[in-house]
Structure formats: structure tokens, C-alpha cells
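Step one of this worksheet: look at the structure below.
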Amino acid sequence: MTATHEGTDTNAPLLPQDSSIEDALLQCILKSLDDSKAEEIVSLDLAGKTSVADFMVVASGRSHRHVGAVTDHLLRDLKEAGYGNARVEGLPHCDWVLVDIGDAIIHIFRPEVRGFYNVEKMWSTETTEPTQYIG
């Protein structure tokens, strides 16, 4: 794959992002969630599955207040790490908070909501049942 630079006729290959940066980001997220006492933390590698993000992290908080506190702590840690432009959805209600920082998407759920939506299953590659096509 190549990218054309605006104003030139030169084509340059698109280089994959440095994996050490991605690893450092993932470790920052996991450490923040662990420090906040988030529960059932799962990270999913999305590379090659979607262009939305490189990985997804799913975690649970024990209550509305805990989900909000975990999210606030994560946003502070991300800002300190240079990811201050995070987009956040669901913070006022704190049933399901989504934090999108471009390279990663973090979902923080209350346990009941997490069980209902089962986001990990939707994005996992391991399936025991054949795909059923409708139509």
C-alpha cells in the first residue's frame, strides 16, 4: 500500500505503527484499569479485523460510581501519557462508558450491562459454531 504526498508525485510506502508504542499504550491502559480496581479486564487484538482500532480493552466496574471513577482515572492517565484527545461516550449514566483514543477503544461496563452486550464475544476470533448466513 502506498500513500501519495500532497503536492508531489512521489509515492511512499505506508509504514506500520511502531509496535513498542502500541505495547506501551496497552500497558498504560491495563495498569490504569488495574490501579482503579476494574474487574475482569480483557484485551482484544483487532489488528487485521477492522480499521477502527488496533486493540480493544473491556473491563467492568462494580457500580455506576465505580465505572465513573475508573473512567476518570483512565482519562487522567491517558492524558499524562500524551493521549489527551480521547473521545468519551456514556459518562453521565456510567452503565457503559466507551473511551476512543484512535489506536485503542476501551469499554467500561457495569457487570449486568457487560453480560447483556457481550462485546468480547462479538470481536473474538474463537468460535465453536459455524457461521449462519441469512438471506
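Where both partners of a DSSP beta bridge lie in the range 19-118, what percent of those bridges are antiparallel, to the nearest 5? Walk me through the intermediate numbers first.
Numbers: 13 of 19 bridges.
Antiparallel bridges: around 70 percent, rounded to the nearest 5.
Backbone geometry of the range 47-63 corresponds, through the Karplus equation with coefficients 6.51, -1.76 and 1.60 at θ = phi - 60°, to 3J(HN,Hα) couplings of 4, x, 9, 7, 9, 5, 7, 8, 8, 10, 10, 10, 9, 10, x, 6, 7 Hz, x marking Gly and Pro.
Each residue of the range 108-122 was assigned a 3J(HN,Hα) from its phi angle through the Karplus expression (A = 6.51, B = -1.76, C = 1.60, θ = phi - 60°), giving 10, 10, 6, x, 5, 6, 4, x, 5, 7, 6, 4, 4, 5, 4 Hz with x at Gly and Pro.
Taking other C-beta atoms within 10 angstrom as a stand-in for reagent exposure, Thr50, Thr71 fall in the order Thr50, Thr71, fewest first. Sorting Asp77, Asp54 from the fewest to the most surrounding beta carbons within 10 angstrom yields Asp77, Asp54. Ordering of 61-67, 97-103 by packing is 97-103, 61-67, highest average first (other Cβ atoms within 10 Å, averaged per residue). Taking 0.36 nm per residue of separation and subtracting the current Cα-Cα distance, fully stretching the chain between Asp34 and Tyr117 would add 27.7 nm.
Where a number appears in this text, it was derived from the coordinates with a stated rule and is not lab data. Everything numeric here is computed off the predicted structure, so don't read it as measured data. Cβ sites come from the backbone with ideal geometry, for glycine too, and all protein chains shown count toward neighbours.
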